[in-house]
Every structure is written in C-alpha cells, then in structure tokens.
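Enquirer: Structure below; questions to follow.
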Amino acid sequence: MSSDILLHAYSPLVVWMGAGLALCRWLPKLLPHLLGRFLFWVGIPLQVFALCRNTDFSQALSISSLVTLAVLLTGLGLATLLFPILRRWQPRWVGLAPDADAAMQAARQGSFTLAAMLGNVGFIGLAVAPSLVSAPYLGWLVLYSVAHNIAGTYGAGVLVASHFSPNEITHSLRSRFVSLLRLPSIWAIALGALMQGQTLPSGLETTVQTAAHAVVPAALVLGGLRLRQLHGWQSLRLALPPVCVRMLVIPLLAGLALTFAGLQGDSRLAMVLQAGMPSGFAGLILAEEYNLDRELLASSILLSTLALFLTLPLWVWLFGTSV
C-alpha cells in the first residue's frame, strides 16, 4: 500500500482541521455552534442532494446496502450494551460522577453511541478505499456511503441524538419520527432521487456543486474548532471505548461475518474498509444541533482518525486476499 494514498487522504484533514485549531482563539465562541447548525440545515442537505442525483438506486438491495445496515445496527447495539457496563463498573472511562444528573448522562451516552455507530465513510472512506479495491467494487463503496448517510446519519443518528438530547429527553418516539420527517436532509434525499437524469439551470447547478464541495472543508474546520477545546488525556480517555468499538470490533466482526457468508477478495475488503472508517464528522454536527457532548465526539474523531494509520494496513492484510 503506497504512502501516497494516505498522504492524499490526510492532507485535507491536516489543512482544514489545522485552520480550525489555529483560528479558534480569534473567532467568536459562538461560531462553532452556528457553523454546526448551518451545516445541519443547509450545507449537508445540499451535499446529500448532489450525491443522490448521481447515485444509481437500482442497486439499493445489493449486498453493500445490507452490510451497511448490519454495521450500523452492530455499532448501535454494542454502544447500548457497553455504556451502562462502563458507567457501573469503570466510571472513569465514561467520566461521569456517581451523582451526575440525568441530562449530563444522556448527553454523554448519546455522543458515545454516535461515535461508535457513525463512520466517516464519505470523505475519508471514498478518498482511501477506491485505491485499495478493483474497479468493479467501486460502486459498492459509493452505495455504502449513500446508505450510511440515509439510514445512519440522518436516520438512526438523528433518532439517537434526539433520544439522548437534554432538550428533548421527554419526547415520545412518535414525536421523534415526526421530527425526523421534518429534516431538510430527508427531503434532499427524496428530491435528489426524483431529479436523477434531469438537468438543472447552469447557474443553479454550479451553486449546488460548489456548496456541496464546501461542506467537507467546513466540517473539518468545525472539527478543528472543537478539538481546540479538548482537555488533554482526560478527553482522549473518554473517547477510547467508542473508538475501540468503531475501529477494531465492528470491522473485525464485519470481516468475519462476510468471510462466513462466502465473500472474498475485494468485495469483502471494500465492505470492511468502510466499516472501519473513523468516527464521522456528522456526529459532531448532530451533537451541535441536539446539545450532546461535543468534547467526547471531537476526541473520538481525533483518536479514530489517528488510529486509521494502524488499522488500515491490518484490514488489507487480513481481508484483502482470497482464502
């Protein structure tokens, strides 16, 4: 595996997150929250609309979509089981005092779950994985990313964030589904699917594409702004359990399950690589919108992104060849 691949994938991370870190002290303290909300309500919907207009949904029931759903459910299940165990037996790993109020516990558990469940399968996944699998399986990577955004980030991710939000903790399940249907990203997905093959006016098309491409740098800057607020080892220690789930347990289980199901070579590797991507920036955007624990998610993004340098060669070695 060439080091140029990782260099190409990580250079935007270093540049844009570095910009957020460098500018943090001179920018208004309210900016990260405003930027997160802008991405949630405007930037991400435009990106989703642009992506869905160019995605072939005739493959929606393919193996890649089923694997995506299985990985999301696995992450959700493992986080749901692990957090109460740590809360009771190893409280230092969740950083909650025994007398912590319900709102603080809910906010931290919500971020813990999002960090373990949601992966950066769009930006980092689609930047790294295509260089490691053959051409016939590139479509699997894209469809995984689309399915992850629909079912994960703006499906299960929104429901999890809403459920654990201190502002919405008393809402019923029905009200959360109603809130989900009001999300602009859901309508962007539907509109993008309906407008496949249709030509937009040149000015509008340019605006949509420019805005969609600007979402990734903006999300990386937001990550840099939040990383500036971390408190050393304490922040990273809190992130270690969800990052272990995200970067080690989930891709290993995915690889073993796919091997048992008969997949080999690049088909298996494509799914394992996407399953093992770092915690997604979308989780941080959800944390901004639903008032969850931003520090835990920012720490998870940082730690899992660094861990990718170690785990990526491991998955290529374990699952990149036929048996």
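Enquirer: Hey, can you tell me all the residues within segment 274-323 that are more than 26 Å from Pro32 (Cα to Cα), of a type outside the set (Val, Ile, Thr) and touching a residue at least 12 places away in the same chain (Cβ under 8 Å)?
Expert: Within segment 274-323, Gln274, Ala275, Gly276, Phe309, Leu312, Pro313, Trp315, Leu318, Phe319, Gly320, Ser322 qualify.
Enquirer: Could you grab me the full set of residues in segment 284-298 that are in contact with a Leu (Cβ under 8 Å, 6 or more places away or on another chain) and open to solvent by 10 Å² or more (accessible area, probe 1.4 Å)?
Expert: Across segment 284-298, the qualifying residues are Arg294, Glu295.
Enquirer: Inspect all residues belonging to segment 241-263 and state whether any of them is at pLDDT below 80, farther than 20 Å from Val67 by Cβ and open to solvent by 20 Å² or more (accessible area, probe 1.4 Å).
Expert: No; the residues of segment 241-263 include none that is at pLDDT below 80, farther than 20 Å from Val67 by Cβ and open to solvent by 20 Å² or more (accessible area, probe 1.4 Å).
Enquirer: Can you work out which of the residues in segment 118-136 that are at pLDDT 80 or above and out of contact with any strand residue (DSSP E or B) (no Cβ under 9 Å at 6 or more places or on another chain) is surrounded by the fewest Cβ atoms within 10 Å (Cβ to Cβ)?
Expert: Result: Ser134.
Enquirer: While we're on this one: Looking at segment 299-314, which of the residues that are more than 15 Å from Val14 (Cα to Cα) and crowded, with 24+ Cβ neighbours inside 10 Å is modelled with the highest pLDDT?
Expert: Ser300
Enquirer: So which of Phe83, Phe112, Phe38 is open to solvent by 20 Å² or more (accessible area, probe 1.4 Å) and under 20 Å from the mean Cα position of the chain (by Cα)?
Expert: Step by step, each of Phe83, Phe112, Phe38 is checked, and only Phe38 is open to solvent by 20 Å² or more (accessible area, probe 1.4 Å) and under 20 Å from the mean Cα position of the chain (by Cα).
Enquirer: Provide a single number: the residues in segment 87-108 that are more than 30 Å from Ile150 (Cβ to Cβ) and either assigned to a helix (DSSP H, G or I) or among the basic types (Lys, Arg) (or both).
Expert: Going through segment 87-108 one residue at a time, the tally reaches 8.
Enquirer: Out of curiosity, is Arg237 among the basic types (Lys, Arg) and surrounded by 14 or more Cβ atoms within 10 Å (Cβ to Cβ)?
Expert: So Arg237 passes the test.
The values are calculated or read from the model by the stated rules, or taken from the named source; none is laboratory data. In this text, all values refer to a predicted model and were calculated from it rather than measured experimentally. Reconstructed Cβ throughout: ideal geometry from the backbone, glycine too, with neighbour counts over all protein chains shown. In case anyone asks, the SASA skips ligands and DNA or RNA and just uses the protein heavy atoms, side chains included. Shrake-Rupley method; radii C 1.70, N 1.55, O 1.52, S 1.80 Å.
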